[in-house]
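In what follows, a structure is listed as structure tokens, so that the remarks can point back to it.
Nothing in this text is a laboratory measurement; each read-out follows from the coordinates by a stated rule. If you're wondering where the values come from, they're calculated on a predicted model, not measured in any experiment. FYI the Cβ positions are ideal-geometry reconstructions off the backbone, even for glycines, and counts take in every protein chain you see.
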Protein chains: 2
Amino acid sequence: MTDTRPPEARPSPRRQETRARLLDAAAEVFVEEGLQGASVEAVCTRAGFTRGAFYSNFSSKEELFLAALAREYEQRTDELEQRVTELTPLLRDREGCLERAEVAEYVAEFFAPTDPETVWFVLETEFLLLAMRDPSLAPGFADFLTRSKNGLASMVEGVVGAAGRRFTIPVERAVPILGGVFERALRISALSGRDAPEGIDELGDRIAELIFAITEEA
Amino acid sequence: MTDTRPPEARPSPRRQETRARLLDAAAEVFVEEGLQGASVEAVCTRAGFTRGAFYSNFSSKEELFLAALAREYEQRTDELEQRVTELTPLLRDREGCLERAEVAEYVAEFFAPTDPETVWFVLETEFLLLAMRDPSLAPGFADFLTRSKNGLASMVEGVVGAAGRRFTIPVERAVPILGGVFERALRISALSGRDAPEGIDELGDRIAELIFAITEEA
């Protein structure tokens, strides 16, 4: 993402580099140890910084986690945007209506969650639990969830439009509903494997069915 | 629920009474202390039983939690069924089509989650996290989630039918999608209060909008 702040308000390149290294280390430690198991100490050791350097960038482990999660989402959104950019002309150029089976294939190919995404889903559930028990530990989490959903809305609307359809409910409400179906598949697969009924392997069919139900020919 | 086992396979009344008292105590202790904070010791003390009595009924804290959660769901389903039984003739007898605003009111009145349900939602998230990290700790949880959803499907289909509509996707798939919208509202409200945007106070409108999108006039 482009930094739109005026140059004098942006952190120095050295500070940005420190922050990026801390976030890299944090992502590894969180994935390995979980949110509760990960310590600021372990993140500093991994990144090769002192606790002083850490606390001049982040006020708490929770703030660090939210920054790491935000970066994870940004990277994922960038990848999704790239796939959507590839997909859009294919959808526009094809003749005739899109069949449900084709939509299911596209979803499975372009949007199915990877194993690292499953690990981040567990981490996010851990953070959600902490935030629900004590919202003061996770200021900004509710806003983050709303913003990250809004970022997807125009992309989803674009790809549905390229396929010659439009949502029958507002897209900003369709996106979290579709997100709920993703999340359910991730959850079931975390409990019972990718091929469990209603797990990740069925995601393409489930999403395609719902998309056809809440869109109409444009 | 009626016990359909032959009499000789049913636990003795005394055993059932012990189990019920342990589950009552467990519900209180889990709500007060959380899943991680609650101990078998504290549940035994609250119920007035020894650890021996506990372990002749449950093999672990996790098994106890799943039994307490199942009983919570059963009670909630019984209450829902009662409300649906009251609602069904009202829906059948009314003239003309049901408006979205009316559906929103019915949902808000009959289905909006109460504060204890919010507490159980946090507990269930805690259990889900434990189960995702180590599925062997929570055998039967994935099955439980599927069964509890199936129990709701015929009820939801009945009430939608009484309102003169039918689902355009299979009801067993519509129910988890509606469940996802409930869950999202619970989550947002746990983070930011009942009146937060997309929180519990908006649940009636959100569910009504989705129901109209995925049903048609019968």
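What the table shows:
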quantity: The range B:168-187 residues that are more than 9 Å from every other protein chain (Cβ to nearest Cβ), paired with ones that are of a type in the set (D, E, K, R) (beta carbon under 6 Å, 6 or more apart); calculated: B:VAL171/B:GLU157; B:VAL175/B:LYS149
quantity: Matching option when the condition is assigned to a loop (DSSP other than H, G, I, E, B) and among the basic types (Lys, Arg), among B:ARG83, B:ARG5; calculated: B:ARG5
quantity: Within the range A:141-153, tally of residues that are of a type in the set (Gly, Ala, Ser) and within 9 Å of another protein chain (Cβ to nearest Cβ); calculated: 1
quantity: Any hit, the range B:142-150, residues being crowded, with 20+ Cβ neighbours inside 10 Å, within 25 Å of A:LEU203 (Cβ to Cβ) and under 14 Å from the mean Cα position of the chain (by Cα); calculated: yes
quantity: Criterion (among the basic types (Lys, Arg), free of Cβ contacts under 8 Å to residues at least 60 places away in the same chain and either outside any helix (DSSP H, G or I) or in contact with a helix residue (DSSP H, G or I) (Cβ under 7 Å, 6 or more places away or on another chain) (or both)) met by exactly one of A:ARG46, A:ARG92, A:ARG147; calculated: A:ARG46
quantity: Per-region count, the range A:119-140, residues within 9 Å of chain B (Cβ to nearest Cβ) and in a helix (DSSP H, G or I); calculated: 10
quantity: In the range B:109-141, the residues that are closer than 26 Å to A:GLY193 by Cβ and touching a Lys or Arg at 6+ places or on another chain (Cβ under 9 Å); calculated: B:PHE121, B:THR125, B:GLU126, B:LEU128, B:MET132
quantity: Looking only at the range B:84-119, and only at residues there that are under 17 Å from B:ALA162 (Cβ atoms) and acidic (Asp, Glu), the one that is surrounded by the fewest Cβ atoms within 10 Å (Cβ to Cβ); calculated: B:GLU95
quantity: Residues (of a type in the set (Ser, Thr, Tyr) and touching a Pro at 6+ places or on another chain (Cβ under 9 Å)) located in the range B:161-218; calculated: B:SER189, B:SER192
quantity: Residue count for the range B:196-218, restricted to those that are more than 11 Å from every other protein chain (Cβ to nearest Cβ), assigned to a loop (DSSP other than H, G, I, E, B) and either of a type outside the set (A, V, I, L, M) or buried (at least 21 other Cβ atoms within 10 Å of the Cβ) (or both); calculated: 0
